[in-house]
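The values are calculated or read from the model by the stated rules, or taken from the named source; none is laboratory data. Since the model is a prediction, treat every value here as computed from it, not as a measurement. Note that we place each Cβ from the backbone using ideal geometry, even for glycine, and neighbour counts take in every protein chain shown. The protein model used for the area step is the full one, side chains on, heavy atoms only, and it has no ligands, DNA or RNA in it. Shrake-Rupley method; radii C 1.70, N 1.55, O 1.52, S 1.80 Å.
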Amino acid sequence: EGGIVKVHGNHLVVLRRGRLFTVAIGDGDLKPISAVDAFGSDIDPVHTWYDEMLVSEDTIAVIGYSYQRGGTEVGLFSIDSEGHIAYRSTYHLRSNDYYSSRNYASRLIGNKLIFYAPLYLHPETQDPFSNFPAVRRWHKGATANEFQRIVAAPQVYRSEANLDVDSGLALHTVTICDLSNGGFSCKANAVVAAPGRVFYVSPDAVYVWTTSWIYRKNQARTQSQLFRMPLDGSAPSALGVSGSPVDQFSFLQSND
């Protein structure tokens, strides 16, 4: 899971207040080695929150949310065996809001950086694809037109249950970004379902429990579904369920 302190070889890597620090611990003592901003030199960090850090081999990924630029911000840095850090690049993923336990989650498996995030759909939007999962590489003066879609039509799924458009819709999306060889190529799978959700991330899948409220004849009833979205990019599965769990601590994946 994402965190703010990691180990790389004989060094601690620390994310604190928008800065990255490395501290040598190999000889039983603590020695500061490197300190850099957790964002690129052409990025204004105002209204941006950097809260998660993951380390894959010699790559550091800093994850946050930018209200100024919009979307999930992923900063990539290189770290060498001596603990020195160098900024590499920044990417943006479309997302609705700030990183939190109810909005989205990150996970690192090998060289694969994995995100779960819901993207709300608005049928009245002139361009419905403007809400689809997309990524862009940041540079000064970058525009919204530079976002590239990362989910193809065959990777958008829905269950056989009826969708209640009036209650809102969301694309529950699992995005996998490859960090090998210094890259950041991403692809995604998405499920169209109700926006209300509680999610849980296991070592091999994201479980999303969606609930929509239906009001008829002055009575309210719920319609819930549980989706399992594998982290390997394969097709999701679904079950009709009743009620709704409290939060992610209500889940436990068994061996079967």
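Summary table
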| read-out | value |
| --- | --- |
| Added length on full extension, which subtracts the Cα-Cα distance from 0.36 nm per residue, K31 to K217 | 60.1 nm |
| Å³ per residue enclosed by the Cα convex hull of the stretch 145-215 | 129 Å³ |
| Heavy-atom accessible surface of the stretch 1-65: percent carbon and sulfur, 1.4 Å | 51 percent |
| nm² value of the averaged projected area, convex hull over the Cα atoms of the chain | 16.1 nm² |
| Fraction of alpha-carbon pairs over 21 Å apart in the stretch 110-256 - percent | 49 percent |
| Theoretical FRET efficiency, 1/(1+(r/R0)^6), r = Cβ-Cβ of S254 and H122, R0 30 Å, to 0.05 | 0.20 |
| log₁₀ of I(q)/I(0) at q = 0.19 Å⁻¹ - the stretch 1-95, Debye sum with one point per alpha carbon | -0.82 |
| Accessible-area composition of the stretch 86-203, carbon plus sulfur, in percent [1.4 Å probe] | 51 percent |
| Reachable lysines, given that their alpha-carbon falls under 29 Å from the alpha-carbon of K187 and they are not under 8 places away in the same chain | K6, K112, K140 |
| Along the chain, longest interval not containing exposed trypsin sites (Lys or Arg not before Pro), exposed being DSSP loop plus at most 10 other Cβ atoms within 10 Å | 18-139 |
| Nearest-20 debye value, the chain charge dipole, Cβ charges on Lys, Arg, Asp, Glu | 600 debye |
| Cβ-placed point charges (K, R +1; D, E -1), dipole of the stretch 1-98 about Cα centre in debye, nearest 20 | 200 debye |
| Average Cα contact separation per residue, the stretch 114-202, under 8 Å, 6 or more apart, as relative contact order % | 34 percent |
| Accessible area per residue, Å², the chain with all protein chains present, probe 1.4 Å | 53 Å² |
| Length-normalised contact order of the stretch 179-242 in % [C-alpha pairs under 8 Å, at least 6 apart] | 24 percent |
